[in-house]
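Read through the structure below, which is laid out as structure tokens, and then see the notes.
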Amino acid sequence: MNKQEEIILFGNYHLRARCLPVSVFHKGLHNKIDILSNTLRNHGGGAALAAPQIALLKRIIVIDYLGEYYELINPEIIEKSGEQSDFEGCLSLPGFIGMVNRYKNIKVKYQDRFGDLHTIETNDQMARCFQHEIDHLNGILYIDRMSDEYVFNDETNEKTSVKHFLDLTRERFST
């Protein structure tokens, strides 16, 4: 199955919604995970994708980053420590990056596509990726966690205040 969906853009209400937990693990769920994975793979350039980015309000994430692949259902950060600061971007806010503070080390509890419980400890850039995607499940975007008042255009490196950026992207990407 190679079905994929369009990635929704900033301004769409799905990106600000809190997702519901997955409680039934069956073939329909497997199909949704496969669609999410295909969408990420066929979009190119993204490290991960959360279900609300394809208008699915369920607690599902796929990560394909740094040579590792994860499918996380109902993920929850259960331990965190340290700090790191780096630029982040998002497939739902294309072309812009901003400086975000995150935990350096995290431990995440999650279920796989069959409902089996797992934990994973990760750090640095992979920890950043997990945190970014888990935030999506709670209606939080990286621009909500920025440590600087400016976002940068990834191609031109022009900086824009977050307030101006929000005004521009609301006009440009709202649905």
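Here residue 19 clears all of (1) more than 16 Å from residue 133 (Cβ to Cβ); (2) in contact with a Pro (Cβ under 8 Å, 6 or more places away or on another chain) except the condition numbered (1). Going by what's in this entry, would residue 50 be described as open to solvent by 40 Å² or more (accessible area, probe 1.4 Å) and out of contact with any Cys (no Cβ under 6 Å at 6 or more places or on another chain)? Considered against the rule, which asks whether it is open to solvent by 40 Å² or more (accessible area, probe 1.4 Å) and out of contact with any Cys (no Cβ under 6 Å at 6 or more places or on another chain), residue 50 comes out as no. Picking from residues in region 114-134 that are charged (D, E, K, R) and buried (at least 18 other Cβ atoms within 10 Å of the Cβ), the one that is nearest to residue 82 (Cα to Cα) is 128.
Filtering region 133-159 to residues that are out of contact with any Asp or Glu (no Cβ under 6 Å at 6 or more places or on another chain) and part of a helix (DSSP H, G or I) leaves 133, 134, 135, 136, 137, 143, 144. Restricted to region 112-132, and to residues there that are of a type outside the set (Phe, Trp, Tyr), out of contact with any helix residue (DSSP H, G or I) (no Cβ under 6 Å at 6 or more places or on another chain) and assigned to a loop (DSSP other than H, G, I, E, B), the residue that is farthest from residue 51 (Cα to Cα) is 116.
When every residue of region 162-175 is checked against the conditions, at least one turns out to be open to solvent by 50 Å² or more (accessible area, probe 1.4 Å), β-branched (Val, Ile, Thr) and closer than 22 Å to residue 14 by Cα. Residues that are at pLDDT 95 or above, among the aromatic types (Phe, Trp, Tyr) and more than 21 Å from residue 37 (Cα to Cα) are absent from region 110-117 altogether.
Check 149, 121, 83, 76 and return the single one that is within 14 Å of the chain's Cα centre (by Cα) and of a type in the set (D, E, K, R). Every option except 76 fails the conditions.
Yes/no per residue for (1) at pLDDT 95 or above; (2) under 15 Å from residue 147 (Cβ atoms):
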| residue | (1), (2) |
| --- | --- |
| 62 | yes, no |
| 73 | yes, no |
| 93 | no, no |
| 100 | yes, yes |
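Among the candidates 41, 59, 18, the residue that is open to solvent by 90 Å² or more (accessible area, probe 1.4 Å) and over 25 Å from residue 154 (Cα atoms) is uniquely 18.
The values are calculated or read from the model by the stated rules, or taken from the named source; none is laboratory data. None of these values were measured; they are calculated from a predicted model. So basically every Cβ, Gly included, is an ideal-geometry build from the backbone, and we count neighbours across all protein chains shown. Accessible surface is based on the protein model in full, side chains and every heavy atom, while ligands, DNA and RNA are left aside. Shrake-Rupley method; radii C 1.70, N 1.55, O 1.52, S 1.80 Å.
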